Each structure stands twice: as C-alpha cells, then as structure tokens.
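Single-structure report; data block below.
The values are calculated or read from the model by the stated rules, or taken from the named source; none is laboratory data. From a predicted model like this one, the values you see are computed outputs, not experimental measurements. Positions of Cβ are backbone-derived with ideal geometry, glycine not excepted, and every protein chain shown enters the neighbour counts. SASA here: full protein model, heavy atoms, side chains in, ligands and nucleic acids out. Shrake-Rupley method; radii C 1.70, N 1.55, O 1.52, S 1.80 Å.
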Amino acid sequence: MINLVTEAKVIRLMMLEALVPDESHHIGCSLSIVEILTFLYFNHLNVYPHDPKNVRRDIFILSKGHGSLALYATLCRRGFFSKKLLMTYDKNGSKLPEHASSNVPGVELSTGSLGHGLSVGIGLSTAFKNDNKNNKVFVLLSDGELDEGSNWEAIMYAGYHHLDNLIAIVDKNDFQGYAATSKVLDLSPLCKKITPFQWNVYETDGHDFLILKKTFDQINKSKNGRPHFIIAQTIKGRGVPYFEGKFESHYKSVDKATKQKIIGYFKTTL
Amino acid sequence: MRNGVINEIHDYMKKNKQSYFLTGDLGYNLLEGIEKDFPDRFINVGVAEQNMIGIASGLALSGKKVFVYSIIPFLIMRDYEQIRNDICYHKLDITLLGIGSGISYGILSNTHFALEDVAILRPLPNMVIFSPSDEIEAVHGIRYFNNHRQPLYIRIGLRSEPIINKEPYDFLFSRGNILQKGEDIVIFVTGTLMEETINAAVLLKKEIGTESTIVNIHVLKPIDKDIIIKTSINKKLVVTVEEHGLIGGLGAIVSETLAQCGIRVKVLSIGIKDKLIKQTGTRVYLRKLLKLDYLGIYSQIWQALRK
C-alpha cells in the first residue's frame, strides 16, 4: 500500500521547489490541504492519470482555486503530468497559473473566484444521478469562502435534492485573506448551521490519514440520501515550520536564499 | 416570441435526451409542458441565479446541452461572474434564454428592464449574442443553434411582438439581413423595433423623399462586419436602432466597425439615453416617450439629416 505520509512529504517538497522567488504565493492555504488531496488522489478517488477525461472518473473541484499549487503538485505526483511542467508554475509563459486552470491535465474546473465550485459540483452530481452513474463529486472549499452567498444557495439546494453523491470538504484553517475567520465573519458552530440543510456533517482532522479514512468510510456506508459535508480542521502552512500556523503565509513570498534554506531544512525531515 | 421559443425548445428536448432546462422560479403558465414531459430534465432551481448558472455549468461539463431561463437582469447580472468564469471560460454548451429585452416589461419598470445586457455580454470570450426581431427568426435561429456547442445568449421579447419575417425563412449565422434597399441612408436595427423602423422608413420616403436601406442585425456577436461596411459606403447617414442603452449596444458595434475600417460617415445611434427612466408605463407608452416608436425614430433621423 502507498505510504500516504511519504507521498504528502514529497508533494510538499515539490510545492516548495516550484515556488518562484520573491513572488507572492498562496502557500499557507496550499500547504493546509496537502493531506486531503493526497488522501483523495492516492487512496480514494477513481481517477485515470493517463486518461484524465475517462467517463468513469470521480470529479474533484478545487473551489478554493488559490490552493492550486497543492493540486498541481498532487496531480503531478499522481502521474497526470511531468515534473518539468509543474516547475513552470507561475512562470512567464506557463499554463499553470496561481489559480487553478482547467488547461492543466486533471484540473476539472478553472477556479479562483470563491463560491463557484459547489454549484458546478451540483450540476455534475445531478447529471450522474439522473444517468444512474456511480461517479462521485468532491468539492474542496475554504472556510473563508463560505462567506460567499452562492455557497448557501448551493447548500440549500443539494440537501433538498438529496445529492448523496456530492461531498463538500471545507479546509478549516481558521484564517482568511485579511485576518482570522473568527474575527472577520465567524461561522461557528458551522456543523450546527449545515446539518439542518439536510446534509450529513463530519468534523475531522484534515492532516490525519487514519481519521480521514474513517470519515470517508463512514460516507461510503451512509444510506440516508443526504449530501456530505466534511469540516476538516487544518493548520495553515502545515508541514513547513517557516509557514506553519502563520496568518501571513496566506500571501507569502520568499527570496531565493530563504527558499533554498526552507527546502534544505525540509529535506532533512524526509 | 417567448412562447414560440419555448415550444421549439420543448420539441428539441423530445429528441435530445441529453438536454436540460433550468429556470430561476420564473415561467409560470409557460414551462409546465416541459416540466411535465421531462421531470428529470426540468429543474426549477429556486430564486438563486448564481447557483443556477453553476448547476448549468456542471451539467454542461458532463456533456449535457442546457437551456437556462429567466428575466434578463436576473439571468445575466446577478450571476455575471458565473457566466464569465464557469460558462464562457470553459466554452460550455449553455443557452441563456433572456426574457424581456429592452423595456418589454413596461410597468414592472427599471429593475426588470434590460438596457445593458448586450454591453456587458459582448466582451465575454466565446459568447454568441442572438437578438431576434420576431418569433419566426427566433425559432429558426434556435433550430440552427441547437447544433452549436458554445455559450449563447438569446435576447427575447415577451408575448406579442409583430411578425416581420416570412416563412420559409433562411437563418444565416452572423449574417445581417437586408430588408430593403435605398440609396440615401442605411438603418441597422436589432430586436423587436423592426416594425417601428420599417414604418419610420416609409415616413422618411413619404415626407422628405429619403430612401433607406434597412439591415436586420440578428446576431450581435460575432458581428457581420462586411454588411455594415458594404451598406454604409456612400450613405449620407448611418442609423442604428435598438431597444437598449446607447452605451455598448448596436450603435457602439456599428460605430466601432466603421471607425476600424476607416469609413467616414456620420452615425446616429437611436436607443435609450444614459439616464434612469422615471416615468411608469407600458412598452408602447414608453417607446413613444423615449422616441423609439416610428414617429420618434423618424423625427430623430429627420433632425440628423437637417444638420
């Protein structure tokens, strides 16, 4: 069996290597979703790296498109495209921009403006259900993203329409663009707000593979016809001490020397 | 026009089982036939347009052809970014059925008017804009576009627009349609002001002997540049007529085209001025007030010719 912990480390290393010195990246909010993506792409999703548009695939949408670096690195590691392509990330002439682009093999939807992914996911899961297909749809959102009213339109709709093939995951890293989510627009207790909309809600640790596995196993067993909402507690900048737990890692840039230092230190932990 | 459009789409949905119809809780007494015949493929999303466009996009990403129905401002303004990012950037097979072109909604007033729709949709990549003049053109256009796989906006009137075109009608994509030829001026017109424009041209000939060429521009994007240039050369005046604001609509399209091609001719844009309509009234009343009835169109052209 694939060692998910090792995969997550390799993905983080690739992300650090892809950073463009002195360029502002959404590094903190990319590092917070590495375990979720690693778990999905290496252990859970039905995907076809050499045939990305295979009709039997599950769909993953990164609604928090600013976390694209983690998605690109995961897709690259999973075999969707070469490391050479990944290393063009955010560079002039590249097709891998800072916000997720569907021009990249394996990326289903171009995102970057918040509050789009869940509704698109509903459209896909509706089509799968009506066509009696078993494909599932996973949408990863940020906690700050839930400020967008469009998400609440989608939350109302998916619960009412019993879209049990739809799984929303919230990367609850507790920070958004300007400050802590608790200071900007506190949504807690989020679980109690989502449940009455006829969703199954799971509170989980977004960095612990065993707990993530338990959560997804529970979803697989669920038979009450409700869509699934995972609140994954995460840590911004997770896995790299220079960024971990720091609000400023949301838009952090590093110079060339710091980048090499961070990578050097990170390699010692492999 | 609206009923003809819905009947045509209803027929199409019988043949194409991969088609869906979404509404944002509008279309009472109109869409029930589609709802009854295709309960799984008709979705009333509720009063939630951002979600509606997102759902349409997800359906289209999975290979469906999707029609989305609402009153124009709710259909394209509330959720403009979803249209831009989700539909246009991904070049999805979604037809936006916008009801209530211009001031069709009359006494419902400004919130329900569509005076900026062409201006805001024109810049979107991959978007096609179809602005039919009557039900015949709308229906033939839909038959054509049903074999077309990219974002489409149809600017639809309401119930009782006059029929101008005749069967059999040959719909040619992005090709302006010359209704009559005259050597003095050319009038480009789009949408449901066709009859008023034809009547204004009759009056121009009768009163001051001015002969008009009238060109129906039913596809505003991509625009038929050739016909604009060809019919504008050697004219005293180029006129555009539209039930849309003067900023960014047909008047702008024609002016840009002529300027880009170096055609030196004066353009008179007839449409709705850049200020809020404060009077309440029916479409007929408001057209008269805003000089968009045939007399108003006539008098504006007459004045421009005098200068």
Pull up all non-local amide H partners of B:Ser70: gap of 5 or more, or a different chain, and H-to-H distance under 5 Å with H placed in the peptide plane.
B:Leu97, B:Ile99
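Can you give me the % of accessible surface on the stretch A:1-127 that is carbon or sulfur? Probe 1.4 Å, all protein chains present, nothing else counted.
Details: 2110 of 4100 Å².
With neighbouring chains kept in place, the figure for the stretch A:1-127 is 52 percent.
Can you sort B:Tyr20, B:Tyr298 by 1.4 Å-probe accessible area, starting with the largest? Intermediate results must be reported in sequence, preceding the final value.
On the way: B:Tyr20 5, B:Tyr298 35 Å².
Result of the area sort, largest leading: B:Tyr298, B:Tyr20.
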Taking all protein chains in place and a 1.4 Å probe, what share, in percent, of the accessible surface of chain B do carbon and sulfur account for?
50 percent
Over both sides of the B-A contact, add up the buried accessible area with a 1.4 Å probe and give it to the nearest 100 Å².
1700 Å²
How much of the DSSP bridge set in the protein assembly as shown is antiparallel, in percent, rounded to the nearest 5?
10 percent
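Tell me what the protein assembly as shown gives for mean residue ellipticity at 222 nm when only DSSP H runs of n ≥ 4 count, each as -39,500 (n - 2.57), the sum divided by the residue total, rounded to 500 deg cm²/dmol. It would help to have the intermediate numbers written out before the result.
On the way: 22 runs with 209 residues, N = 577.
Counting only the DSSP helices, I get -10500 deg cm²/dmol.
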Phi to ³J(HN,Hα) by Karplus 6.51 cos²θ - 1.76 cosθ + 1.60 over the stretch A:48-64, Hz, x for Gly, Pro:
10, x, 8, 8, x, 9, 3, 5, 8, 6, 7, 10, 10, 10, 8, 5, 7
From the cross-link list A:Lys129/B:Lys91; B:Lys166/B:Lys291; A:Lys53/A:Lys83; B:Lys15/B:Lys225; A:Lys193/A:Lys223, which pairs have alpha carbons spaced over 31 Å apart?
B:Lys15/B:Lys225
For the stretch A:80-116, residues shielded by at least 30 square angstrom of accessible area compared with the chain on its own, probe 1.4 Å
A:Leu109, A:Ser110, A:Ser113, A:His116
May I ask for the distance between the Cα centers of the stretch A:104-166 and the stretch A:211-270, given as a whole number of Å?
21 Å
Tilt relative to chain B, helix B:2-15 - C-alpha long axis, 0 to 90 degrees, to 10
40 degrees
Can you list the residues in the stretch B:38-74 whose accessible area drops by at least 50 Å² when all protein chains are present, compared with the chain alone? Use a 1.4 Å probe, heavy atoms only.
B:Gln50, B:Asn51, B:Ile55, B:Leu61
Within the stretch B:14-48, name every residue whose backbone N is under 11 Å away from a label modeled 7 Å from Cα of B:Asn3 along the Cβ vector.
B:30
Against the longest alpha carbon principal axis of chain B, how many degrees, from 0 to 90 and to the nearest 10, is the axis of helix B:250-260 turned?
70 degrees
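Using unit Cβ charges (K, R positive; D, E negative) and no other charged atoms, how large, in debye to the nearest 20, is the dipole of the stretch B:34-80 about its Cα centre? Before the final figure, lay out the partial values.
Numbers: 5 positive and 5 negative charges, 23 e Å.
That gives the stretch B:34-80 a dipole magnitude of about 100 debye.
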Provide the net charge surrounding A:Gly245, with neighbours chosen by a C-beta distance below 11 Å and charges set as Lys +1, Arg +1, Asp -1, Glu -1.
0
Cα centroid separation, the stretch B:241-307 to the stretch B:96-127 (Å):
16 Å
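Can you give the relative contact order of chain A as a percent, counting alpha carbon pairs under 8 Å and 6+ residues apart?
Details: 511 pairs, mean separation 66.2, N = 270.
Relative contact order here is 25 percent.
Leaving out ligands and nucleic acids, note down the accessible area per residue over the stretch B:177-306 with a 1.4 angstrom probe, in whole Å².
Numbers: 6020 Å² over 130 residues.
On a per-residue basis, 46 Å².
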Please build a GNM for chain A, connecting alpha carbons under 10 Å apart, and tell me which residue among A:Leu71, A:Leu141, A:Leu190 fluctuates the most.
A:Leu190
For the stretch B:177-306, rounded, prolate or oblate, judged on the Cα gyration tensor with a ≥ b ≥ c (square roots of eigenvalues), a/c < 1.5 rounded, else prolate if a/b > b/c?
oblate
Residue by residue, what Karplus-based ³J(HN,Hα) values in Hz, rounded to whole numbers, does the stretch B:135-143 have, using 6.51, -1.76 and 1.60 with θ = phi - 60° and x for Gly and Pro?
5, 4, 5, 4, 5, 5, x, 4, 4
Convert each backbone phi in the stretch A:96-113 into a coupling constant with the Karplus relation 6.51 cos²θ - 1.76 cosθ + 1.60 (shift: θ = phi - 60°), then list the ³J(HN,Hα) values in order as whole Hz, x for Gly and Pro.
10, x, 4, 10, 3, 10, 6, 6, 8, x, x, 7, 7, 9, 6, 9, x, 8
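About the Cα centre of chain A, how large is the charge dipole given +1 on each Lys and Arg Cβ and -1 on each Asp and Glu Cβ? Please answer in debye to the nearest 20.
Working: 32 positive and 27 negative charges, 152 e Å.
Once rounded to the nearest 20, the dipole reads 720 debye.
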Simple spin-label estimate for A:Lys261/B:Lys206, 7 Å along Cα→Cβ, in nm, reads 8.7 nm
Residues with amide H under 5 Å from that of B:Leu268, placed H, sequence gap 5 or more:
B:Val238, B:Val239, B:Thr240
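Which value, in debye to the nearest 20, gives the size of the charge dipole of the protein assembly as shown about its Cα centre, when Lys and Arg are +1 and Asp and Glu are -1 at the Cβ?
Details: 69 positive and 60 negative charges, 184 e Å.
The dipole of the protein assembly as shown has a size of about 880 debye.
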Under the rule of at least 5 residues apart or a separate chain, name every residue whose amide H is placed under 5 Å from the amide H of B:Val128.
B:Leu152, B:Tyr153
Just to be sure I understand the model, the point goes 7 Å from the Cα along the line to the Cβ. What's the resulting A:Lys95 to A:Arg56 distance in nm?
2.6 nm
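How many Å² of accessible area per residue for the stretch B:2-156, probe 1.4 Å?
Working: 5080 Å² over 155 residues.
Computed with neighbouring chains in place, this is 33 Å² per residue.
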